[in-house]
Amino acid sequence: MQEVTIEHNVSTIAIVGNPNSGKSTLFNRLTGLRQKTGNYPGITVDKKTGIIKLHNGKKVRVIDLPGTYSVYPRSKDEKIVLDILADDNSEFFPDLVIVTVDASNLKRNLLLLTQVKDMGLNAICALNMVDIAEKKGIKIDVVELEKELGVPVYPLNSEIGKGINPLLEGISKYQPVNNSAYSFIPAISEETIGSILSRFKKRNGYFAALYLNQTETIGGLSEEDRQFLRDIKVSSNSHRGLQNAEVLDRYRYIDRVIEKVETRHGESRRIRFSAKLDLVFTHRIFGYATFLGILFIIFQAIFSWAEAPMDWIDRGFAFFSGWIKLTFPEGHFVDMIAEGIIPGLGGIAIFIPQIALLFAFIGVLEESGYMARVVFLMDKLMKPFGLSGKSVVPLISGVACAIPAVMATRNIENWKERIITIMVTPLMTCSARLPIYIILISLVVPNTTLFGVLNLQGLALLGFYLLGFIGVLAVSIIFKMLIHSTSKSFLVMEMPIFKMPRWRNIFMMMINKSKTFVYEAGKIIMAVSLILWVLASFGPKNDMMQADEVVSAQLPGKTIDDKEYRSALSAYKLEHSYAAILGKTIEPVIKPLGFDWKIGIALITSFAAREVFVSTIATIYSVGEDAGNSLTIKEKMAAEVNPDTGEKIYTPAVAFSLLVFYAFSMQCMSTLAVVYRETKSIKWPLIQLGYMSVLAYVASFLTYTIVSAF
Amino acid sequence: MNLANLKKGESAIISKIEETPIIHKLMDMGCLPGEKVTLKYRAPLGDPICIQIAGYELILRTEEARSIQIQK
């Protein structure tokens, strides 16, 4: 039977609401696993969309817009809300807007709702966290609220269990209300309103105010449109103070509504408990101690819990690669798959456990409300460095991986603070540096224990984490002096009450962030791994043709079936590849740092991603294809001598020089790509690459010179 | 007198908000003339501060707090 299409059929729903108003919880609840994260065209704001299945079997697209307190935007994330809601030509323009409203904070939350309604959008109100409001002693008359606002209101509790069915029912039966009662009438002359509305073909008077207030930022306008608005502003002079007057007007209206719908009693124990927690979490001693303790737990977890799955991924890809080589006939194509593509994919997949874990922790800290306390505690400490309390979250994330960390800078409103945070985040010791640190430290630092508890190698490792953090602070100060910005830094943010995190939200965040990482960083890592594979596998014809002859002369009696022969062959090929030619070309440049051309090869191949260093070194010293364990690599490195002088290559001076080099150098294509995406300019990734390379070179040179002197 | 002068636990009524680039942000967040405001506590290093306003808690720097005029 053909269903009759009704005019008001809802096909796109947008969810908007204040931060902490349970927006994501509602979105996750409505869509379940039928959701995906992408990007809005041209900008890097995460776009979360999903599908809702209504009771009548109809499927509806739903978009989770970034949290905001008002339609007037202050950050990149908030701007998208106005862009979509004000532009009915946008492909994401909603037929219905669900505004999530925190019942325990009706006043501030209703501001956005009245704006959305005045824009003439079909709105329904999801009155969230009714249970928390009741604990705060607040009771809301839903029927009266519905009458006052003129939009359907659906009460939900913080777990969003029971209330969800009436809400779904409400969506499928939604009938647009022809509601001409505005909560705010802009104080602009009829004439001005008329000329704006006729030009932009809007029926609604509020748009005149929106266009005048947001002339430069609102989406969907041409340059002529903006000039038209600028001219009106100059001639009528009517826009000044318009936005303040609007907010005052709206709050006056909201106060009247609240007086009718809300009754208050005393607070419950749970709210007082949250206040007591704050006495600890913002305490001058316990506050910082708790923060350090939480950081310690996160680092422990990222490194120890992720170890096993990372190991499985590593072995899985190695096994798959070996299987391909054994199963299919030899040739460049099979080699490209087995040595280029599969290890490339493996290099991406190996970071998934750490990234997923890190985001689980960040999710818990954010959902519980603890992150606001961190910002509160750290803001003054970060300010002298040109950073803000909000920079702390990306910097912590940087310990796992700079890619999600750079993406996490989006909620820093001040441009200068955000740029500085992006610029210094890659100096934090990310997990890709860890394999290099471990192998080099174990090579030159004795494995002895001081005072029975302090392991010398562990101390050295900690030292390099500190070195990275000192680098962050020092470079921040320099950028603070160099970057001039007219926009003033400010910090105005809600301190939410402590809540139990919703595990469903944490889980969805883990999945979504990991997916974003795999797709976004994955593309670049793949491409560069392929280029590097070509460089490392091919070389000038003659040298490569002789490979077999030379190796069989070196190892008489051995054939391609012997492991030893195969290792020697791949070492020979690498030594005569284009990568080696490059390595020899840069040797004069890296010699002052104590590096030879073999290390040069590893520096080049690890430009895509730092962790490639270890596998390249393994190949160069012909550790062999299936001897992936670090002990053998370490032994080979320790035994390696300079053919001219007969001295060991990896002296403490060289090892420390290399360590310092990796601490500061920008050996990560994916981070550069993400910085490009986030700053939308080639300038910033280039500056980052430049300053980090110079810093690495100079620091490494000093280290080598000083340590050699001893 | 401005909001930065309040002591821990003290309350006052907002009389005026000065025209600074963040006035819109403050007003959106419910800092309005006539509204009652209470200083909950300061951060350990004296800055930022946490205030109670419009039924919730808000963090701001003393610099921002100075743009909010109050009457006791």
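Read-outs: derived from the displayed coordinates by stated rules, not from any lab. In this text the structure is predicted, and so the values were computed from the model without any measurement. Because the Cβ atoms are built from the backbone with ideal geometry, glycine has one as well, and the counts that use them run over all protein chains shown.
Sort out which residues of segment A:97-144 are assigned to a strand (DSSP E or B), in contact (Cβ under 8 Å) with a residue 40 or more places away in the chain, crowded, with 24+ Cβ neighbours inside 10 Å and not charged (D, E, K, R), and write them in order of number. Steps first, answer last, please.
Of the residues in segment A:97-144, the ones assigned to a strand (DSSP E or B) are A:97-102, A:123-128, A:138-140.
Imposing the further condition that a residue be in contact (Cβ under 8 Å) with a residue 40 or more places away in the chain reduces the set to A:97-102, A:124, A:126, A:128, A:138-140.
Imposing the further condition that a residue be crowded, with 24+ Cβ neighbours inside 10 Å reduces the set to A:97-102, A:126, A:128.
Listed by number, the residues that qualify are A:VAL97, A:ILE98, A:VAL99, A:THR100, A:VAL101, A:ALA126, A:ASN128.
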ask   = Of (1) in contact (Cβ under 8 Å) with a residue 60 or more places away in the chain; (2) loosely packed, with under 15 Cβ neighbours inside 10 Å; (3) touching a strand residue (DSSP E or B) at 6+ places or on another chain (Cβ under 9 Å), A:ALA432 satisfies all except one. Which?
value = (2)
inquiry  = Suppose the filter is on the phi < 0 side of the Ramachandran plot, assigned to a strand (DSSP E or B) and of a type in the set (Val, Ile, Thr); does B:THR38 pass it?
reply    = yes
A:TYR154 being assigned to a strand (DSSP E or B), at negative phi and either of a type outside the set (A, V, I, L, M, F, W, C) or without any contact (Cβ under 8 Å) to a residue 24 or more places away in the chain (or both) = yes
ask   = Within segment A:483-497, can you find the residues that are facing another protein chain (nearest Cβ under 8 Å), β-branched (Val, Ile, Thr) and in contact (Cβ under 8 Å) with a residue 40 or more places away in the chain?
value = A:ILE497
task = Answer yes or no: is there a residue in segment A:81-96 that is without any contact (Cβ under 8 Å) to a residue 24 or more places away in the chain and not basic (Lys, Arg).
result = yes
ask   = Just checking, how many residues over segment A:685-698 are over 14 Å from A:PHE595 (Cα atoms) and touching a residue at least 12 places away in the same chain (Cβ under 8 Å)?
value = 8
query = Given (1) more than 12 Å from chain A (Cβ to nearest Cβ); (2) surrounded by fewer than 21 Cβ atoms within 10 Å (Cβ to Cβ); (3) under 26 Å from A:GLU267 (Cα atoms), where does B:MET1 come up short, assuming only one miss?
reply = (3)
inquiry  = When you scan segment A:106-114, do you find a residue that is within 14 Å of chain B (Cβ to nearest Cβ) and within 28 Å of the chain's Cα centre (by Cα), even just one?
reply    = yes
inquiry  = With part of a helix (DSSP H, G or I) and within 14 Å of chain B (Cβ to nearest Cβ) as the only criterion, which of A:LYS480, A:LYS416 stands out?
reply    = A:LYS416
inquiry  = Checking A:PHE281 against (1) within 12 Å of chain B (Cβ to nearest Cβ); (2) exposed (fewer than 14 other Cβ atoms within 10 Å of the Cβ): exactly one of these is not met. Which one?
reply    = (2)
key: Residue that is of a type in the set (Gly, Ala, Ser) and touching a Ser or Thr at 6+ places or on another chain (Cβ under 9 Å), where the choices are A:ALA527, A:ALA571, A:ALA553   = A:ALA571
Which listed residue, of B:ILE22, B:ILE14, is touching a helix residue (DSSP H, G or I) at 6+ places or on another chain (Cβ under 8 Å), touching a residue at least 12 places away in the same chain (Cβ under 8 Å) and more than 9 Å from chain A (Cβ to nearest Cβ) = B:ILE14
inquiry  = Checking A:LEU248 against (1) away from chain B (no Cβ under 13 Å); (2) without any contact (Cβ under 8 Å) to a residue 40 or more places away in the chain: exactly one of these is not met. Which one?
reply    = (1)
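Within segment A:382-400, which residues are outside any helix (DSSP H, G or I) and away from every other protein chain (no Cβ under 14 Å)?
Across segment A:382-400, the qualifying residues are A:GLY386, A:GLY398, A:VAL399, A:ALA400.
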task = Take segment B:42-60 and flag every residue that is facing another protein chain (nearest Cβ under 8 Å) and under 17 Å from A:VAL492 (Cβ atoms).
result = B:ALA43, B:ASP47, B:PRO48, B:CYS50, B:ALA54, B:GLY55, B:TYR56, B:GLU57, B:LEU58, B:ILE59, B:LEU60
